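Report on one structure; see the data block that follows.
The values are calculated or read from the model by the stated rules, or taken from the named source; none is laboratory data. The model shown is predicted, which means the values in this text are computed figures rather than measured ones. Ideal geometry is used to build each Cβ from the backbone, glycine not excepted, and the neighbour counts take in all protein chains shown. With ligands, DNA and RNA removed, areas are computed over all heavy atoms of the protein, side chains included. Shrake-Rupley method; radii C 1.70, N 1.55, O 1.52, S 1.80 Å.
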Amino acid sequence: MELTKDKLNMDQCTGCCLCANGCPVEAISMKEDKNGFLYPHINNKLCIDCGKCTELCDGRNEQYISDVEKRAYAVWSKNSEIRYKSTSGGAFSEFAKYVLLNDGVVAGAAYNECNQVDHILIDNLEQLSLVRQSKYIQSDSKDIYKKVKYALDNGKLVLFCGTPCQLAALKSYLNKDYEKLFLMSFICLGVNSPKALRAWLEEIEQKENNSVQRVWFKYKKHGWHKSPLCTRLDFKDGSHKVYFGDENTFMKGYIRYHLYIRPSCTDCRFKGLTHGADVMVADFWGEQITDDNGTSLLIVNSKKGEKMLNEIKMNFCLEEVDFSQAILGNRAFREPVKASKYSDKFLAELDVLGFSSAYKKYAKDPLKVIIKRKIKNTLRVCLKNIVSK
């Protein structure tokens with residue numbers, strides 16, 4: 001019988017799989033809870049009470065100080081195909097290309113055959129499309145830290161891209177600096193329950209009588225600025241359908257209502273840049289860019305980051321921007337997300353109601369947001385009436 005021991009703090013668990021990777025006797029396995037989030041379970045018969053799991057978990061809290069002055073850039077790839085197929089401007093793809101062309105490997109999030117997300121290691125350009133684009137649900141780190149360490153110990157150049165908490169987990173697991181390790185994180189609003197995405201896709205598959213073969217979040221059919229609420233699903237028969245605006249209930253449930261975000265994300269301890277990323281990427285929402293094809297915010301946080309950017313900057317259209325101003329449009333850089341008060345109820349009733357019915361029941365704005373919106377609308381109408389007179 002597998003039980004979770006009190007030694008692991010479940011309230012702060014980010015599901016990073018660090019404890020499972022680091023257990024010397026493989027006594028820890030990761031299992032989904034009733035809401036679809038991964039948590040560690042310890043086999044008491046195998047556990048030797050060595051304390052390694054808590055040592056590693058606590059090691060994620062180490063604060064790293066940058067060895068350079070932080071610099072921010074608005075960038076996009078000069079390769080139009082890379083830019084179009086990327087979530088923002090293709091910054092990740094250009095860094096990944098450099099690593100792969102230098103006989104390196106890249107660790108990133110990829111969909112598996114069930115449209116769930118795993119962290120995998122790739123070693124060639126043909127596989128780059130697997131780890132490109134944001135996935136918007138929590139990835140299963142599985143044994144990725146072990147694979148990264150093996151590659152580094154064999155002299156490989158490695159790019160690891162993940163959430164800030166995954167980067168902190170990797171650094172704790174390795175417990176030393178590697179010259180050939182390059183760390184990229186992204187500004188993270190919070191990771192969503194894989195259970196919620198499964199429910200959304202299963203409902204669509206039943207309605208369409210077709211199986212989903214590919215999920216493409218932030219599809220740029222209507223332009224990049226509208227892409228957060230635009231998702232393309234490719235089906236087994238070769239057809240596809242685009243879900244946009246109010247029809248894209250999964251992304252609305254995430255971005256607007258925060259219905260299925262992991263509990264630990266509401267008290268995230270990995271905001272900012274103290275988790276030790278060499279570079280951080282995000283959407284760039286600054287006023288300088290009028291182009292609607294996608295622009296990345298690139299924050300350089302180390303000498304290693306500066307060096308690699310200098311190696312590949314000829315592949316970018318690049319403009320340096322004020323760091324403080326650049327992060328103003330990315331609130332998630334500074335503070336944790338606030339989950340919906342209906343989150344637990346939504347996830348608990350998902351199995352019974354299905355995604356659409358649960359969404360209709362629980363996708364509600366807080367009262368203060370409703371009041372603020374009404375005040376804004378009233379002022380807008382008053383101003384319009386004044387102008388018309």
Task: Residue list for the range 74-126, filter: of a type outside the set (D, E, K, R) and surrounded by fewer than 17 Cβ atoms within 10 Å (Cβ to Cβ) - done: ASN79, SER80, TYR84, LEU101, ASN102, ASN112, CYS114, ASN124, LEU125
Open item on the list: Looking only at the range 314-326, how many residues end up being at pLDDT 95 or above, in a helix (DSSP H, G or I) and surrounded by 13 or more Cβ atoms within 10 Å (Cβ to Cβ)?
Closed with: 1
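Does ARG256 meet the test of being under 30 Å from ASP351 (Cα atoms), of a type outside the set (A, V, I, L, M) and open to solvent by 10 Å² or more (accessible area, probe 1.4 Å)?
yes
In the range 15-40, which residues are open to solvent by less than 50 Å² (accessible area, probe 1.4 Å) and touching a strand residue (DSSP E or B) at 6+ places or on another chain (Cβ under 7 Å)?
Step one: of the range 15-40, the residues open to solvent by less than 50 Å² (accessible area, probe 1.4 Å) are 15-23, 27-30, 35-40.
Passing the criteria: GLY15, CYS17, CYS19, ALA20, ALA27, ILE28, SER29, MET30, LEU38, TYR39, PRO40.
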Open item on the list: List the helices (runs of 4 or more DSSP H) inside the range 1-102, counting only whole elements, that have at least 1 residues being out of contact with any Cys (no Cβ under 9 Å at 6 or more places or on another chain), in contact (Cβ under 8 Å) with a residue 60 or more places away in the chain and of a type in the set (Val, Ile, Thr).
Closed with: 91-101
Task: Unique match (being farther than 15 Å from GLN166 by Cα, touching a Leu at 6+ places or on another chain (Cβ under 9 Å), at pLDDT 95 or above and not β-branched (Val, Ile, Thr)) among GLU26, GLU81, GLU94 - done: GLU26
- [ ] Please specify each residue of the range 200-219 satisfying the condition of being open to solvent by less than 20 Å² (accessible area, probe 1.4 Å) and part of a helix (DSSP H, G or I).
- [x] TRP200, LEU201, ILE204
Task: Selection status of GLU311, over 19 Å from HIS225 (Cβ atoms), part of a strand (DSSP E or B) and open to solvent by 40 Å² or more (accessible area, probe 1.4 Å) - done: no
Task: Unmet requirement for PHE182, which otherwise passes all of (1) of a type in the set (Phe, Trp, Tyr); (2) buried (at least 21 other Cβ atoms within 10 Å of the Cβ); (3) assigned to a loop (DSSP other than H, G, I, E, B) - done: (3)
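Based on what the data block shows, is GLY276 more than 23 Å from LEU174 (Cβ to Cβ) and not aromatic (Phe, Trp, Tyr)? Full working, then the answer.
Numbers: more than 23 Å from LEU174 (Cβ to Cβ): no; not aromatic (Phe, Trp, Tyr): yes.
So GLY276 fails the test.
For residues in the range 347-369 being at pLDDT below 65 and open to solvent by 60 Å² or more (accessible area, probe 1.4 Å), which is farthest from GLU205 (Cα to Cα)? Can you show your working first?
Let us first name the residues in the range 347-369 that are at pLDDT below 65, namely 366-369.
Next, from what is left, pick out any that are open to solvent by 60 Å² or more (accessible area, probe 1.4 Å): 366-368.
Working: PRO366: 32, LEU367: 35, LYS368: 37 Å.
Looking at the filtered set, the residue picked out is LYS368.
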Open item on the list: Would you confirm, using the coordinates I've provided, whether GLN138 is of a type in the set (S, T, N, Q), in contact with a strand residue (DSSP E or B) (Cβ under 7 Å, 6 or more places away or on another chain) and under 29 Å from ASN293 (Cα atoms)?
Closed with: yes
Open item on the list: Return the residues of the range 54-88 that are among the basic types (Lys, Arg) and farther than 24 Å from LEU309 by Cβ; say none if nothing qualifies.
Closed with: ARG60
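Yes/no matrix, rows are residues, columns are (1) among the acidic types (Asp, Glu); (2) open to solvent by less than 40 Å² (accessible area, probe 1.4 Å); (3) assigned to a loop (DSSP other than H, G, I, E, B); (4) within 30 Å of PRO194 (Cβ to Cβ):
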{"residue": "SER264", "(1), (2), (3), (4)": "no, yes, no, yes"}
{"residue": "ARG269", "(1), (2), (3), (4)": "no, no, yes, yes"}
{"residue": "LEU273", "(1), (2), (3), (4)": "no, yes, yes, yes"}
{"residue": "GLU306", "(1), (2), (3), (4)": "yes, no, no, no"}
- [ ] Out of the residues in the range 226-253 that are in contact with a Cys (Cβ under 9 Å, 6 or more places away or on another chain) and assigned to a strand (DSSP E or B), state the one that is nearest to ASP291 (Cα to Cα).
- [x] PHE244
Task: Where a residue in the range 201-213 is closer than 19 Å to TYR136 by Cα and free of Cβ contacts under 8 Å to residues at least 60 places away in the same chain and its partner, wherever it lies, is hydroxyl-bearing (Ser, Thr, Tyr) and open to solvent by less than 50 Å² (accessible area, probe 1.4 Å), with Cβ under 9 Å and at least six apart - done: ILE204/TYR243
